[in-house]
Structure formats: structure tokens, C-alpha cells
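*Asks:* Just passing along the structure, written as C-alpha cells.
The values are calculated or read from the model by the stated rules, or taken from the named source; none is laboratory data. Since we're looking at a predicted model, the values are computed, not measured. All Cβ positions, glycine included, derive from the backbone under ideal geometry; neighbour counts span all protein chains shown.
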Amino acid sequence: MIPEIVKNFLLTQKQGSGFFCLSLNKNHHIVQCYGEPQLLGLKEPNKNIPIFEFLPILITESFTTDFKIPFYNISEEFVCNIYFITQPLCNYLILIDRSEIFQITQKYQQFAHDDNITKNKFKRIAEQLEKTQDKLKQSNNEKATLIAMLSHELGTPLTSILGYSELMLNNATDPKKGIEIIHRNANYLQHLIENTLMFGKTEAGGQQIQFENVSANSLFKDLAASMLPAAQNKNLVLRIADDFDVEETLNIDLTRTKQILINLLNNAIKYTEFGSVELQFSNNASHYIFSIIDTGLGVAKELQSTIFNPWERIKENTESGSGIGLFISRKLTHAIGGKIQLKSSSKENGSVFQLILPVQKMPSGKIVISDDEYEKAKNKSILIIDDDYDILILIEALLQSSGLKIFTTTDYPKARRILDQEKIDIILTDYNLGTITASSFITELKDAHIDLPILLMSAMPSDTIKASYLRLGFKDVISKPLNRKKLLKVLLSYL
């Protein structure tokens with residue numbers, strides 16, 4: 001029986017067929033299905049699986065309010081509208097076929113010529129198309145902004161990675177130095193991509209801020225290494241906190257703080273033709289203050305109030321750019337509880353931008369693994385499952401010094417054979433392995449009365465997704481990319 005609220009909704013959509021409805025519990029797992037999925041080119045999903053396994057596009061949705069995703073290619077031949085309706089006891093996801101409307105939109109111009117339609121009919125269809133396009137633009141506006149941000153920010157770390165890779169291939173630089181720089185920029189790049197993809201959740205409080213103890217000297221040294229080539233290319237003097245003589249530990253969100261400072265330094269170098277760019281640092285009991293001072297052309301008074309808006313650029317300068325760096329910086333600054341401002345600017349004296357961050361309580365120090373913890377690994381074994389062979393080799397190398405006996409495999413059938421033949425104490429697995437998921441594997445082990453701690457690796461473990469994984473029976477969820485000490489600490493805690 002189709003629920004009454006779904007019937008009423010279909011009536012308002014003038015839809016009697018060509019729909020498929022899913023009821024979801026409050027954990028966003030599929031409870032019941034209604035309608036005929038084959039009419040949309042789909043197979044009916046298994047019950048009790050997370051909805052984002054059936055429709056991966058929904059993984060970024062919060063499911064807190066009603067929403068609509070128009071004209072989604074649900075399969076090769078079908079396009080549908082996706083509607084989410086919240087209810088007190090359960091929620092509903094309704095897919096309605098819109099393939100015909102979409103095809104009409106695609107073929108509109110050909111119809112206009114072939115049928116020699118009248119001007120009035122052309123106007124009505126054009127107006128309808130414009131309304132549809134506006135809705136599509138509105139629903140995709142945030143994602144388009146994120147893509148623009150990502151495109152803008154990838155340049156600096158990619159330049160370092162590609163440049164030093166080429167130098168190392170040609171034996172033109174010290175390998176250790178090259179690897180250090182590539183590793184640092186790859187790590188920054190990974191965090192940058194994560195932050196940008198999660199950017200839409202900033203204002204809703206969806207971003208997880210990660211404060212950590214950071215050496216001020218180390219931060220300024222990294223900034224200098226990143227920015228010096230651009231400054232030297234323009235024959236500018238670059239001074240970073242008086243050449244790293246700040247013997248202090250900062251408690252900051254390193255990734256976002258570094259991203260903001262690189263944006264500000266990039267802009268300063270871009271808009272400075274002669275003289276210098278300088279980063280000064282000071283602090284008091286409540287705030288860290290980073291000041292970026294340049295001798296550039298300055299910001300015109302009429303632009304100073306809008307300089308942090310997206311797409312704003314200083315038109316007197318010939319440098320290319322998307323005009324979105326300061327917009328990103330302001331958003332990230334607000335996300336970590338700070339303030340960013342243009343303190344002063346003029347054509348005579350250049351500009352002074354400031355990043356002001358609150359002083360946070362210092363967290364505990366570095367991850368330390370005691371001898372007693374390493375003792376737990378003696379005569380213990382671990383089974384690692386991942387369909388990416390390179391990842392298996394990496395994890396095996398990361399755990400080589402742990403004392404664990406390591407077994408690896410790329411599929412679950414072989415994992416079952418290893419479990420039958422070897423004494424395994426703990427399992428570390430990826431979630432998606434081809435057509436099989438780790439949740440199916442957990443169910444299989446439970447049915448076989450095999451009770452082992454199973455830890456899941458995930459590239460994007462938001463709080464909601466992590467909670468759903470834990471409910472499935474995983475003992476813990478470990479974020480990718482993997483950190484050796486963090487991985488070891490977690491594994492040893494379950495032995």
C-alpha cells in the first residue's frame with residue numbers, strides 16, 4: 001500500500017506511473033519500497049542499506065529538511081526528479097520520471113526549425129526552458145562555486161609536486177629534499193580537496209575544525225618554501241616573520257590557516273610589481289595576529305568594501321586570477337572562529353591584510369606508543385582487505401615495525417579462506433570492494449559466529465556516515481589517507 005502522503009504528493013505532480021518511492025528510517029537506511037523501479041531503469045535495492053549506497057549523489061545531503069534534485073540522470077536512458085519529504089516517523093525519497101521533458105528540452109531547437117512553430121509558441125517554450133534552467137542553476141550553484149574554488153587553489157601545491165618530481169627524475173635535486181617537499185604539498189593538497197568539497201557545510205556548522213600544536217618556525221618555513229619561487233620570479237624581497245626566529249608553539253587549525261595565509265601572500269605577490277612582501281607575526285593573551293604587508297598598487301577605495309566578495313579583482317593589474325581567493329579566505333577564517341580584514345591600502349604605501357585567530361587551549365602532544373602497547377602486538381595477526389593493491393602494499397609497509405603478522409587480500413572470498421586457515425586477531429578493511437560491501441562481509445562473519453574486531457577505512461567519514469558504519473557492526477572508522485602512528489594507535493587499542 002502506497003502511503004497516503006506519497007499518494008497526495010504524486011497527485012500534485014500529476015503522476016500516476018513512472019515513479020519509485022523509498023521510505024527511510026531516521027538513520028537514512030531503506031525500510032520499504034513502492035512503485036516499479038524498472039520503469040526508471042533501476043533494480044530494487046536491498047533493505048536496511050544506507051540510501052547513499054543506492055544513490056551516491058545523496059552522500060552530501062543532510063536530510064534535515066525537504067529538498068529536490070531536478071533532472072538527475074538516474075541511468076543511461078532515464079532522467080528523473082528526486083524529492084525528499086520529511087515526516088515524524090519516517091522519511092520518503094520519491095523518484096519521478098522526467099525523461100520525456102528532458103528529451104523535449106534537448107530537441108527544442110530542432111523542433112523549432114522542423115515544425116516552423118509560431119512566435120507565440122516559441123516564446124512560451126522559451127519561458128518554460130528559462131524557468132527550468134534557473135532552477136537547475138540554483139540547485140547547482142553551490143557545487144559550481146566549490147569547483148571554481150578548487151580550480152583556483154590547486155595551482156601552488158601541484159606546481160611544487162610536478163616541479164620537484166621532474167627535478168628528481170632528472171637527478172637535478174637532493175632526493176630527500178624533493179620527497180619532503182612533495183610529501184608536504186601532497187598532504188596539503190589532500191586536505192585542500194577535502195576542505196573544498198566540504199565547503200558547502202561551513203555555514204551550517206558541518207565542517208570539523210581540527211586544532212593542533214604547530215611550531216611557528218615550521219609554519220613560516222613551509223610558507224617561505226611555497227612562496228619564494230613566485231616572489232623571486234618578480235624580483236621581490238620576501239620576508240616571512242623575520243626569517244623564522246619565532247620560538248613558539250601555536251594551537252591552530254593548520255590546514256585552513258596555511259591555506260588562508262597562502263592566499264593572502266599569493267595576492268600580495270600578484271599585485272606587487274616592485275619592492276617587497278612581508279608576513280609579520282605577533283600575539284597577545286587572546287589572539288594570534290598575522291599581517292601581510294606589501295608595496296603593491298593598493299586597493300582602490302571604491303573596491304575596499306567588496307574586496308572579499310567572489311569574482312572581485314583589481315582591474316589595474318594584468319595578472320590572471322579567478323577573483324575568488326579572498327572570498328575563500330574569509331569563509332575559512334569564519335569557519336575557524338577568526339577575523340580577516342584589509343587594515344589599510346593606498347597606491348603610495350601598498351596594502352596591509354590581517355588574519356586574526358583566537359588563541360585556543362593547547363591539546364595533548366604528539367601521538368606516543370608505549371612499549372606496553374607494542375607488547376600487545378606480539379604473536380598477533382591482522383588481515384587487511386582492499387581492492388587497491390598499491391594501498392595494500394602501503395599499509396603493509398606502515399605496519400612493518402609493529403610486530404604484527406600481516407595477511408593481505410584484495411577480495412572477500414580469499415579473506416574467508418584466510419580466516420579459515422589462519423588465526424586472525426583483527427581485520428582492517430575498505431568498504432567497497434567491487435560488487436561486494438564490507439557490511440555484507442560483517443553479516444557473513446556474524447552468521448558464521450566469527451567474532452573479531454573489524455575496523456573500516458573510509459575516505460570521507462563524516463559524523464553521520466561514521467555513526468551508520470558503527471551501527472552496522474564496525475568497531476571503528478579510520479580516515480584515509482592513513483597516518484602511520486594514528487593507525488597503529490587505533491589497531492593496538494583493539495588487541
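*Asks:* Determine which single condition SER329 fails, assuming it passes every other condition in (1) at pLDDT 90 or above; (2) in a helix (DSSP H, G or I); (3) among the small types (Gly, Ala, Ser).
*Replies:* (1)
*Asks:* Quick check on region 440-473: of everything there that is surrounded by 15 or more Cβ atoms within 10 Å (Cβ to Cβ) and of a type in the set (Val, Ile, Thr), which residue is modelled with the highest pLDDT?
*Replies:* For region 440-473, the residue satisfying everything is ILE454.
*Asks:* Right, here's the next one. Which of the numbered conditions does GLN360 fail, given that it passes all the others? Conditions: (1) closer than 30 Å to PHE327 by Cβ; (2) modelled with pLDDT of 85 or more; (3) assigned to a loop (DSSP other than H, G, I, E, B).
*Replies:* GLN360 satisfies every listed condition except (2).
*Asks:* Any chance you could count how many residues in region 407-439 are within 27 Å of LYS486 (Cα to Cα) and either surrounded by fewer than 16 Cβ atoms within 10 Å (Cβ to Cβ) or touching a residue at least 60 places away in the same chain (Cβ under 8 Å) (or both)?
*Replies:* Total satisfying the criteria: 9.
*Asks:* Hey, among PHE52, PHE71, which residue is assigned by TED's automatic domain parsing to the domain that holds LEU89 and either of a type in the set (Asp, Glu) or under 22 Å from the mean Cα position of the chain (by Cα) (or both)?
*Replies:* One residue alone meets the criteria, PHE52.
*Asks:* Restricting attention to region 273-310, which residues are farther than 21 Å from ALA216 by Cβ and among the aromatic types (Phe, Trp, Tyr)?
*Replies:* Correct list: PHE274, PHE308.
*Asks:* Now for a different question. Touching a residue at least 40 places away in the same chain (Cβ under 8 Å) and within 30 Å of ILE51 (Cα to Cα), is that true of LEU487?
*Replies:* Numbers: touching a residue at least 40 places away in the same chain (Cβ under 8 Å): yes; within 30 Å of ILE51 (Cα to Cα): yes.
It is true that LEU487 is touching a residue at least 40 places away in the same chain (Cβ under 8 Å) and within 30 Å of ILE51 (Cα to Cα).
*Asks:* Could I ask something else about it? Being closer than 9 Å to ASN185 by Cβ and surrounded by 14 or more Cβ atoms within 10 Å (Cβ to Cβ) is the filter; apply it to region 149-164 and report the residue that is modelled with the lowest pLDDT. Outline the logic, then answer.
*Replies:* Going residue by residue through region 149-164, those that are closer than 9 Å to ASN185 by Cβ are 156-161, 164.
Subsequent filtering for residues that are surrounded by 14 or more Cβ atoms within 10 Å (Cβ to Cβ) retains 156-157, 159-161, 164.
On the way: THR156: 69, PRO157: 80, THR159: 81, SER160: 82, ILE161: 88, TYR164: 87.
Here the residue is THR156.
*Asks:* How many of the residues making up region 227-249 are touching a Leu at 6+ places or on another chain (Cβ under 9 Å) and modelled with pLDDT of 90 or more?
*Replies:* Residues in region 227-249 being touching a Leu at 6+ places or on another chain (Cβ under 9 Å) and modelled with pLDDT of 90 or more: 3 in total.
*Asks:* Here's a follow-up. Just wondering, is there one or more residues in region 131-148 that are assigned to a helix (DSSP H, G or I), closer than 24 Å to PRO481 by Cβ and either more than 13 Å from the chain's Cα centre (by Cα) or at pLDDT 80 or above (or both)?
*Replies:* No, that holds for no residue.
*Asks:* Among the residues of region 63-79 satisfying the criterion of being within 14 Å of HIS28 (Cα to Cα) and loosely packed, with under 13 Cβ neighbours inside 10 Å, which is modelled with the lowest pLDDT?
*Replies:* In this case the residue turns out to be THR64.
*Asks:* Here's something else I'd like to know. Name the one entry in LEU455, LEU445, LEU399, LEU392 that is touching a residue at least 40 places away in the same chain (Cβ under 8 Å) and either on the phi < 0 side of the Ramachandran plot or in contact with a Lys or Arg (Cβ under 8 Å, 6 or more places away or on another chain) (or both).
*Replies:* LEU399
*Asks:* Can you name every one of the helices (runs of 4 or more DSSP H) wholly within region 1-116 that holds 3 or more residues which are among the aliphatic types (A, V, I, L, M) and either touching a Gly at 6+ places or on another chain (Cβ under 6 Å) or in contact (Cβ under 8 Å) with a residue 60 or more places away in the chain (or both)?
*Replies:* Of the helices (runs of 4 or more DSSP H) lying wholly inside region 1-116, those with at least 3 residues that are among the aliphatic types (A, V, I, L, M) and either touching a Gly at 6+ places or on another chain (Cβ under 6 Å) or in contact (Cβ under 8 Å) with a residue 60 or more places away in the chain (or both) span 4-12.
*Asks:* So for region 297-313 (the condition being under 18 Å from MET227 (Cα atoms) and at pLDDT below 95), does at least one residue qualify?
*Replies:* No, because not a single residue in region 297-313 is under 18 Å from MET227 (Cα atoms) and at pLDDT below 95.
*Asks:* Failed condition for VAL368, given (1) modelled with pLDDT of 85 or more; (2) loosely packed, with under 14 Cβ neighbours inside 10 Å, with all others met?
*Replies:* Here VAL368 clears every test but (1).
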